[in-house]
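In what follows, a single structure is set out as structure tokens and then discussed.
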Amino acid sequence: MKFTRSVVQTTFQSPLGKMIIAATDKGLAGLWFEGQRHLPPELVDPPVWPSDPAHPVLQQVMTQLTEYFTGQRTQFDVPLDLAYGTAFQQSVWQALLKIPQGGTASYGEVGRRIGKPAAVRAVGAAVGRNPVSIIVPCHRVMGANGALTGYAGGLDRKTALLKLEGVLQEHRS
């Protein structure tokens, strides 16, 4: 995934750890947990994208994430710029956007939704490379048997997000 230098970024302290938010003039281009897998090299020491916490898209994302984490928001409505993925990746990411909060889908289901039912591994790779975690809800994709499978931000965060959305229940002893 190649990003242009016109990207700006800022950080956001979420209940699940520090996040990096990146935007272009077209919309949100990235939302990653600090240190997660597949972090763009442009964000590794030293970061090449300038910090611009006043950017309107970054401001909108921070507001909506705050509302999400406090249970006041179930849908995001920020403009997205997903142009940095391949056509296949973009089709997978668009399919992820159709999984509603409180719902999940298997990798196979996502493959069927994009007309590639046999491409389960490629779907998994595209899900793992999703540059806009939470808002493009890759955490809602499960294994075929409903098992929690990989998440670039870590399975503990995937579990926490699914609990926040009411998919998984807290275990009481």
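Before moving on, here are some points about what is shown:
- When Trp49 is tested against the conditions (1) more than 20 Å from Thr159 (Cα to Cα); (2) assigned to a loop (DSSP other than H, G, I, E, B); (3) within 18 Å of the chain's Cα centre (by Cα), the lone failure is (3).
- Checked against (1) in contact (Cβ under 8 Å) with a residue 40 or more places away in the chain; (2) assigned by TED's automatic domain parsing to the domain that holds Trp32, Leu80 passes all but condition (2).
- Matching helices (runs of 4 or more DSSP H) fully within segment 75-163 where at least 2 residues are more than 26 Å from Gly27 (Cβ to Cβ) and of a type outside the set (S, T, N, Q): 107-113, 120-128
- Annotation note: Cβ proximity below 6 Å between a residue of segment 121-137 that is more than 8 Å from Trp93 (Cβ to Cβ) and a residue that is among the β-branched types (Val, Ile, Thr) and crowded, with 18+ Cβ neighbours inside 10 Å (sequence gap 6+ or interchain) occurs for Val123/Val92; Val123/Val110; Val127/Val141; Pro137/Ile99.
- Test: residue in segment 7-16 that is free of Cβ contacts under 8 Å to residues at least 12 places away in the same chain and on the phi > 0 side of the Ramachandran plot: no
- When Thr63 is tested against (1) loosely packed, with under 15 Cβ neighbours inside 10 Å; (2) at pLDDT below 95; (3) not in a loop (DSSP other than H, G, I, E, B), just one condition goes unmet, and that condition is (2).
- Residue list for segment 10-31, restricted to those being in contact with a Pro (Cβ under 7 Å, 6 or more places away or on another chain) and part of a strand (DSSP E or B): Thr10, Leu28, Ala29, Gly30
- Within the option set Gln101, Gln75, being in the same structural domain as Gly150 (by TED's automatic domain parsing), surrounded by fewer than 19 Cβ atoms within 10 Å (Cβ to Cβ), modelled with pLDDT under 95 and under 18 Å from the mean Cα position of the chain (by Cα) holds for one residue only, Gln101.
The values are calculated or read from the model by the stated rules, or taken from the named source; none is laboratory data. Bear in mind that the values here come from a model prediction, so they are computed numbers and not experimental data. Note: ideal-geometry Cβ built from the backbone for every residue, glycine included; neighbour counts use all protein chains shown.
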